[in-house]
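Novice: Have a look at the structure that comes next, please.
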Amino acid sequence: MSRAPIYLTTPIYYVNDNPHIGHAYTSLATDVLARWKRLQGHPVFFLTGTDEHGQKVEKAARDAGMEPQAFTDQVSQSFRVLAEKMNFSHDDFIRTTEKRHYAACQALWERLIANGEIYLGHYEGWYAVRDEAFYGPDELTERDGVKYAPSGAPVEWVREPSYFFRLEKWREELLRRYDLPAGHPEAIEVLPESRRNEVKAFVKSGLQDLSISRTSFTWGIPVPGDPAHVMYVWLDALTNYITAAGYPDENAEKWGFWPADVHFVGKDIVRFHAIYWPAFLMAAGIKPAKRVFAHGWWTIEGQKMSKSLGNAIDPLALIEEFGLDALRYFLLREVPFGNDGDFARKALIGRLNGELADGLGNLAQRTLSLIQRNCEGHLPAPADIAEADRTFMAQLDTLSTTVGKHLDDQQFHLALEAVMAVVRDANGYITVQAPWALKKTDLVRMAVVLRHLHTAIRAFATVLQPFMPDGMAKLLDQLGVPADARGLEDLATPLPEGTVLPAPSPLFMKIQDAA
Ligand code: ME8
């Protein structure tokens, strides 16, 4: 059976800043869903990259005493390194300074012109360079003579000739599509619901045509036929999602992935993804993405992460200290996806020690050492499920469906909670059944119990692969599961009796917190 293609994206990150835990978080969520969809057998296209144009990046380059191109080459590379260290499985890494992206942006612009969606006018209004966004006067607050956007960014008065996109015209159509049921071919889903309501309220209150070109700087993609203008950086940036799918070649193989299934974004950039982007696409006669999921923001030990506080957390240092699997697990376990959360060392250590080392790790270590010692390292035969095993084993039948359902809703924390609930039960089961004591009283029953535990741990390791690819690969090795039998569907086929298991070694080390 051939499965539907799945297209997942992260935001493309500005190269004005070095990567921090917030960037790692969005891409991690995307990575986990991409890996899960591959485990289910879907063809997946997972895109990430860097956003390299605009006034903000130009200024950062100047501050660093570099030419914008050399500067973006350097910082873009640090996002690639982050992706590698986090073990992200992206299929493409796009940079907006690439030729293919110029071609896509200019083709999209020409299509919008041809469709009568762009006109030349004059822009006069408030602009925040930090957000690369325009704001209405009613959105601003004033302190000490300086006006600020709702995001806290200072705004400046800008007056220049500008091309405009007829955004207002798409207002009704956007509202209609937000309200269509999920899965409807024309639906634009904005999740979680609180964000959807926010977006709807904003659109309902009225949209103004959007200024989509600038003449006061040059670091951007020239407007076709009018090179005094560069494209507004958000039009340029959002287009990355179709560039990578081959646009403007709608016969490209990759184009089969469009429309994207989920754009993962932080809550700060919902407006761009859920309003401007679908409007641009509809105006160009292209289907909008199916879903935008906006997650919340991390604070650090209770404080906002900011350059001035110097408290941004470098994910590479955390990987070094706690290991990649623990970090990946913690980020998606600790906070409901969609809510804001606080990053605290203590909480990370608590999850690592309690759920990974004492929970899953200890279960695997106890079971595998008993098989090693008492069964000479050979996997016992598959066994019937006795009454005493029924409650525990029944949960395994539905585990991957439950996890899949939560992941289809981007509820990563619920998926992990569902697995951990059964891990807790498995630890209860091993304690009650006490296979170490059965060694002296009932060898047959001992083998049955160990086999059931092996089956359970195999299921945990299989469904947890997207979250902790390194550790779960190691665990599946220790369980004797061949590399080509690690998909979800393989769980239905028991490993043969007598499979030789290597000597186990601990998966997770507990951390003694000095702090
Ligand atoms: O907005 N907590 O890029 P950006 C959680 N280039 N996530 C955070 C975070 C935090 N404290 N800080 C940042 C841009 N993020 C544009 C996007 S897309 C066409 C263009 C994450 O480098 C979050 O996903 O400012 C946010 O949306 C993204 O980083 C912003 O990255």
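Novice: Restricting the first residue to the range 455-468 and requiring it to be not assigned by TED's automatic domain parsing to the domain that holds ASP425, which pairs with a second residue that is open to solvent by 10 Å² or more (accessible area, probe 1.4 Å) and aromatic (Phe, Trp, Tyr) meet a Cβ separation below 6 Å and a spacing of at least six or different chains?
Specialist: none
Novice: Report whether or not PRO466 is assigned to a loop (DSSP other than H, G, I, E, B) and within 24 Å of the chain's Cα centre (by Cα). Reasoning before the result, please.
Specialist: Working: assigned to a loop (DSSP other than H, G, I, E, B): yes; within 24 Å of the chain's Cα centre (by Cα): yes.
In short, yes.
Novice: Given the conditions (1) of a type outside the set (S, T, N, Q); (2) out of contact with any strand residue (DSSP E or B) (no Cβ under 9 Å at 6 or more places or on another chain); (3) more than 30 Å from ASN16 (Cβ to Cβ), which single one is not true for LEU180?
Specialist: (2)
Novice: Could you grab me the full set of residues in the range 41-66 that are assigned to a helix (DSSP H, G or I), open to solvent by 10 Å² or more (accessible area, probe 1.4 Å) and more than 10 Å from the ligand (Cβ to nearest atom)?
Specialist: Here is the first cut: in the range 41-66, the residues assigned to a helix (DSSP H, G or I) are 55-63.
Then drop every residue that is not open to solvent by 10 Å² or more (accessible area, probe 1.4 Å), which leaves 55-56, 58-60, 62-63.
Scanning the range 41-66 gives GLN55, GLU58, LYS59, ALA60, ARG62, ASP63.
Novice: Which residues, counting only those in the range 158-182, are open to solvent by 50 Å² or more (accessible area, probe 1.4 Å) and more than 30 Å from GLN106 (Cβ to Cβ)?
Specialist: Of everything in the range 158-182, those that are open to solvent by 50 Å² or more (accessible area, probe 1.4 Å) and more than 30 Å from GLN106 (Cβ to Cβ) turn out to be ARG176, ASP179, PRO181, ALA182.
Novice: Scan the range 239-254 and give yes if some residue there is more than 18 Å from ARG100 (Cα to Cα), within 16 Å of the ligand (Cβ to nearest atom) and not aromatic (Phe, Trp, Tyr), otherwise no. Break it down into steps so the answer makes sense when it comes.
Specialist: Residues of the range 239-254 more than 18 Å from ARG100 (Cα to Cα): none.
Checking the range 239-254: not a single residue is more than 18 Å from ARG100 (Cα to Cα), within 16 Å of the ligand (Cβ to nearest atom) and not aromatic (Phe, Trp, Tyr).
Novice: Just checking, which of PHE217, PHE257, PHE272 is at negative phi, buried (at least 17 other Cβ atoms within 10 Å of the Cβ), away from the ligand (no atom under 16 Å from the Cβ) and among the aromatic types (Phe, Trp, Tyr)?
Specialist: Working: PHE217 fails: buried (at least 17 other Cβ atoms within 10 Å of the Cβ); PHE272 fails: away from the ligand (no atom under 16 Å from the Cβ).
After ruling out the rest, the residue left standing is PHE257.
Novice: Based on this model, can you work out whether THR9 counts as assigned to a helix (DSSP H, G or I) and within 16 Å of the ligand (Cβ to nearest atom)? So that I can check it myself, show each step before the final result.
Specialist: Values: assigned to a helix (DSSP H, G or I): no; within 16 Å of the ligand (Cβ to nearest atom): yes.
For THR9, the condition - assigned to a helix (DSSP H, G or I) and within 16 Å of the ligand (Cβ to nearest atom) - is not met.
Novice: If I ask for residues that are away from the ligand (no atom under 12 Å from the Cβ) and touching a helix residue (DSSP H, G or I) at 6+ places or on another chain (Cβ under 8 Å), which ones from the range 282-313 would you list?
Specialist: MET282, ALA283, ALA284, GLY285, ILE286, LYS287, PRO288, GLU301
Conditions tested, residue by residue: (1) near the ligand (Cβ under 9 Å from one of its atoms); (2) crowded, with 24+ Cβ neighbours inside 10 Å; (3) under 21 Å from ALA245 (Cα atoms); (4) in the same structural domain as VAL262 (by TED's automatic domain parsing).
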site: VAL15; (1), (2), (3), (4): yes, yes, no, yes
site: HIS23; (1), (2), (3), (4): yes, no, no, yes
site: THR26; (1), (2), (3), (4): yes, no, yes, yes
site: THR30; (1), (2), (3), (4): no, yes, yes, yes
site: LEU39; (1), (2), (3), (4): no, no, no, yes
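Novice: Return the residues of the range 485-515 that are farther than 25 Å from ALA357 by Cα, open to solvent by 100 Å² or more (accessible area, probe 1.4 Å) and in a loop (DSSP other than H, G, I, E, B); say none if nothing qualifies.
Specialist: Narrowing the range 485-515 to residues farther than 25 Å from ALA357 by Cα: 485, 489-490, 492-499.
From what's left, open to solvent by 100 Å² or more (accessible area, probe 1.4 Å): 489, 497.
Listed by number, the list holds a single entry, GLU497.
Novice: Right, something else. Looking at the structure I just gave you, is ARG291 open to solvent by 20 Å² or more (accessible area, probe 1.4 Å) and assigned by TED's automatic domain parsing to the domain that holds THR10?
Specialist: Details: open to solvent by 20 Å² or more (accessible area, probe 1.4 Å): yes; assigned by TED's automatic domain parsing to the domain that holds THR10: yes.
Yes: the conditions hold for ARG291.
Novice: Let me ask something else. Right, ALA279: without any contact (Cβ under 8 Å) to a residue 12 or more places away in the chain and away from the ligand (no atom under 11 Å from the Cβ) or not? Steps first, answer last, please.
Specialist: Values: without any contact (Cβ under 8 Å) to a residue 12 or more places away in the chain: no; away from the ligand (no atom under 11 Å from the Cβ): yes.
No: the conditions fail for ALA279.
Novice: Considering only residues that are open to solvent by less than 70 Å² (accessible area, probe 1.4 Å) and part of a loop (DSSP other than H, G, I, E, B), which ones fall in the range 72-91?
Specialist: Those that are open to solvent by less than 70 Å² (accessible area, probe 1.4 Å) and part of a loop (DSSP other than H, G, I, E, B): MET86, ASN87, PHE88, SER89, HIS90.
Novice: Is one or more of the residues making up the range 194-205 open to solvent by less than 40 Å² (accessible area, probe 1.4 Å), in contact (Cβ under 8 Å) with a residue 60 or more places away in the chain and more than 16 Å from the ligand (Cβ to nearest atom)?
Specialist: yes
The values are calculated or read from the model by the stated rules, or taken from the named source; none is laboratory data. Everything numeric here is computed off the predicted structure, so don't read it as measured data. Cβ atoms come from the backbone with ideal geometry, glycine included; neighbour counts cover every protein chain shown. SASA here: full protein model, heavy atoms, side chains in, ligands and nucleic acids out. Shrake-Rupley method; radii C 1.70, N 1.55, O 1.52, S 1.80 Å.
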